[in-house]
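Presented below is the structure to which this report refers.
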Amino acid sequence: IGQLVCIHDWSESKQARFGEVQGAMTRAEFMRGLLETSGRPRNCDLDGLAVWMRANPDKRIVTDIKTGALRGHRLIAARHPDLRGQFIPQAYQPEEITVLKALRFKDVIWTLYQFPLTIQRVISQALIHQPSAITMPAEWAWEWRLEAIRAGTNLPVLVHTINDANSAACLKQLGAAAIYSDDVGMEQFIASADLECNQGA
């Protein structure tokens, strides 16, 4: 309760990993459950992740804390201040960017999927709050918004979630700085491809 763990979509993933669990889990229950289901995908808590990050200082973690995001990032900053350069918080509203910078995270990504999107509002708020990068869903990127926001802010624009190599190559051609993916490797994103990449869907 009130802790950070390495798991995506808590409600769905909790059931897939631990079976039917009534109510909230304590950190101790979560850790005990990991030991009892060790054959399943590796999950961890914040402190376990911190151990891995210190052993892999070249790796960076983009956070996706959808509930209590600022509280979660304050917990990271307080418990593991030496790792703030390796964590890249995602802000869901532009005002959060300033708070996360005040916590001394080196980079902050503004993710747009919870923001009422008009290109001019995004550009104006980005110029005020100065995130390190902006990320958007794939469908927005195909509708010219990637190019317009990149040109208006002069910031790197990332796109999620891309699991097709041709789409990754096209987004690179169209100006995406990076993609979020479950399957596509960096070499497929960087590789030039003789593809016809159409926008304006």
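Descriptive notes on the structure:
- For segment 172-181, the Karplus equation 6.51 cos²θ - 1.76 cosθ + 1.60, evaluated at θ = phi - 60°, returns couplings of 4, 4, 7, x, 5, 7, 6, 10, 9, 8 Hz by residue, with Gly and Pro reported as x.
- For residue 62, residues with placed amide H under 5 Å, excluding near neighbours: 88
- Given 59/101; 59/106; 106/172, the pairs whose alpha carbons are separated by over 23 Å: 106/172
- Once the Cα-Cα distance is subtracted from the 0.36 nm per residue extended length, the residue 127 to residue 197 segment shows a gain of 22.3 nm.
- Charge tally in the Cβ shell below 10 Å around residue 132, where Lys, Arg are +1 and Asp, Glu are -1, residue 132 excluded: +1
- Cα-based shape type of segment 72-186, given that a ≥ b ≥ c are square roots of the gyration tensor eigenvalues and the cut on a/c is 1.5: oblate
Only the coordinates and a few stated rules stand behind these numbers; no lab work does. Since the structure is predicted, the reported quantities are computational estimates derived from the model, not experimental observations. A quick note on method: Cβ atoms are made from the backbone with ideal geometry, for glycine too, and the neighbour counts reach across all protein chains shown.
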